Amino acid sequence: MGWSLPYTVYAKLGVFSATRQTFPNAPLLPDNWDERGFDLCSLGMNSSGNKKIVFVDGCLSAKFDDMAMAYGTYSDWSLGYHDQIYIGWRETVFTAPPGSPLDWILFSTNGVKLFWERMGLGDDVWQALYYTDSHGSFGIKRTLWGLNGSMNLGEPYHESDDIIWVYGEGIHNKLEP
């Protein structure tokens, strides 16, 4: 048996929707992130239609629609089918691991879990999101749907208080068996 340090050193890696790696005329990112960051568009998903449902469960992942574009939600392929959807968070959302003493306060984990449970039972995206609104706890409703605790899909971005946000037209997509 060998001995190892009790910690591992990780290099900080930034992931960006697009950089000058794929779009030479893109705005220059600070701190040389254009060269050392990971460019999602380098994967070619931005022009692909092979993803029906993308859920990026990370803070601010839907503040703007650039990540939805990087994942191909608005690709030319999608224009013919209108069946891709991107889901993410418009704000910073605090989480706690299941069983943590803070888990009952920070409801985002339970809200996302409830969404995916409903998807697994055969709900489409709209039905699964609506279920979090109609059957979720008060905390889940406030965490996902804002101060009014009510899903406002279809309202303009600047008029809605929803924390979770949807881009694209694939609201009736289901998981494939």
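Since every read-out is calculated from the coordinates, none of them should be taken as a lab result. Since the model is a prediction, treat every value here as computed from it, not as a measurement. All Cβ positions, even for glycine, are placed from backbone atoms using ideal geometry, and neighbour counts span all protein chains on display.
Apply the Karplus parameterisation 6.51 cos²θ - 1.76 cosθ + 1.60, with θ equal to phi minus 60°, to every residue of the range 143-160 and state each ³J(HN,Hα) to the nearest whole Hz, in sequence, with x for glycine and proline.
With the stated coefficients, the range 143-160 comes to 5, 7, 10, x, 4, 7, x, 10, 5, 10, 4, x, 6, x, 3, 6, 9, 8 Hz.
In whole Hz, what ³J(HN,Hα) sequence does the range 65-76 give by Karplus (6.51, -1.76, 1.60; θ = phi - 60°), x for Gly and Pro?
8, 5, 5, 4, 5, 4, 8, x, 4, 10, 5, 4
Can you list the residues, at least 5 places off or on another chain, whose amide H is less than 5 Å from the amide H of E169, using H built in the peptide plane?
The answer is Q84.
For a quick protection proxy, order the peptides 54-66, 29-41 by their average other-Cβ count within 10 Å, most packed first.
Details: 54-66: 17.0, 29-41: 14.8.
Per-residue Cβ counts within 10 Å, averaged per peptide and sorted highest first, yield 54-66, 29-41.
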